[in-house]
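The values are calculated or read from the model by the stated rules, or taken from the named source; none is laboratory data. All figures in this text were calculated on a predicted structure; none of them were measured in a lab. Counting neighbours? That spans all protein chains shown, and the Cβs are built from the backbone with ideal geometry, glycine included. Side chains included, ligands, DNA and RNA excluded: accessible areas come from the protein's heavy atoms. Shrake-Rupley method; radii C 1.70, N 1.55, O 1.52, S 1.80 Å.
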Amino acid sequence: MLQRFQTQAKVENPRYGQLIIGPPGSGKTTYCNEAYKFYRELGRQVGVVNLDPANDNMSYEPVINVMELITVEDCMEHLQLGPNGALMHCAEYLEQHMEDWLLPALRKLSATHNYFLFDCPGQIELYTHHNAMALVFERLERERYSLVTVNLIDSHYCSEPAKFIATLLMALNTMMRMSLPHVNVLSKADLLRKHESKLHFNVDYYTDVLDLKYLLEKLDDDPTMRKYQKLNEAICSMVEDYALVSFQLLDSFSTDSMLRLRNHIDKANGYVYKAGEEQTVNSLLACAVGAETEAVRQQHDVQPYVE
């Protein structure tokens, strides 16, 4: 009976995907380019799918490009829409053409690719208010893709309490609406040294999202934010009540940093349980459980980015 269950539970030709989202300028396209080269070196059959119809500065060669289907520029010209409205229209158009465009293109790649990096649009409303991208992700899930949302946020937001609280609310909202395994990432962590003097607390305070009442006290020092005290308290209370938001630091150009993030992502989308780079039982369990001391974690996750 157990043998029959294992046979039924096995997924043939498993496929995996990272849904790279985040505000404009957070480093999504840079991450996709570096992650593509990184995973290729690990031996994965990886390809980058550009789902951003306004992405004119790709440093990688996508295996599928939504700009062959629709572009923001065309929508603005022919439909007389502004940039935000055009991007929303493009997202809706993509969702409507999943069956006759995106999914057939992905199926054609199934023989040569089983791991995809989806470079998604940078308009945050598409993930916090609009439902088109959520429907796209849901359809990919039904197609038996094991997905994880990788939410990139510029690490310099840690230097401003108001922006960091807004970041927490945005991250929580996105996690709840996407309903997928989720990894929040503070990108451009190599630049944290420039902002370290502006940080009110140690870096792990921000990555682990520790007691936010101390951050609220810093907001009270700002006269313009003092009148929003109750609103800020309510937001922080909600974030702490859900206790879902935390961050990983990332320097896309550091192999060690990419390896650390890979471990978190592989746990989230289940790749760690597939026969891949982790060859031994001990290394598999260590990656799956996260078996390391706090001193080791500090050494690898925090110390490389601060003085």
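Before moving on, here are some points about what is shown:
- Scanning the range 226-244 for residues that are touching a residue at least 60 places away in the same chain (Cβ under 8 Å) and either open to solvent by 80 Å² or more (accessible area, probe 1.4 Å) or not polar (S, T, N, Q) (or both) returns Ile235, Cys236, Met238, Val239, Tyr242, Leu244.
- Checking each residue in the range 179-202 for being at pLDDT below 90 and open to solvent by less than 30 Å² (accessible area, probe 1.4 Å) picks out Leu192, Leu199.
- When the range 218-260 is filtered for residues that are over 16 Å from Ala171 (Cβ atoms) and in the same structural domain as Lys28 (by the TED database), the ones remaining, listed by number, are Asp251, Ser252, Phe253, Ser254, Thr255, Asp256, Ser257, Met258, Leu259, Arg260.
- Scan of the range 252-276 for residues that are in contact with a Phe, Trp or Tyr (Cβ under 8 Å, 6 or more places away or on another chain) and in a helix (DSSP H, G or I), ordered by number: Thr255, Met258, Arg262, Ile265, Asn269, Tyr271
- Scanning the range 93-113 for residues that are over 21 Å from the mean Cα position of the chain (by Cα) and either closer than 20 Å to His129 by Cβ or not assigned by the TED database to the domain that holds Asp52 (or both) turns up Tyr93, Gln96.
- Looking across the range 178-222, the residues that are assigned to a helix (DSSP H, G or I) and under 24 Å from Leu147 (Cα atoms) come down to Met178, Thr207.
- Against the conditions (1) of a type outside the set (Ser, Thr, Tyr); (2) surrounded by 15 or more Cβ atoms within 10 Å (Cβ to Cβ); (3) touching a helix residue (DSSP H, G or I) at 6+ places or on another chain (Cβ under 8 Å), Glu125 satisfies every one except (2).
- In the range 78-114, residue most open to solvent (accessible area, probe 1.4 Å) [restricted to those that are out of contact with any strand residue (DSSP E or B) (no Cβ under 6 Å at 6 or more places or on another chain) and outside any helix (DSSP H, G or I)]: Gln80
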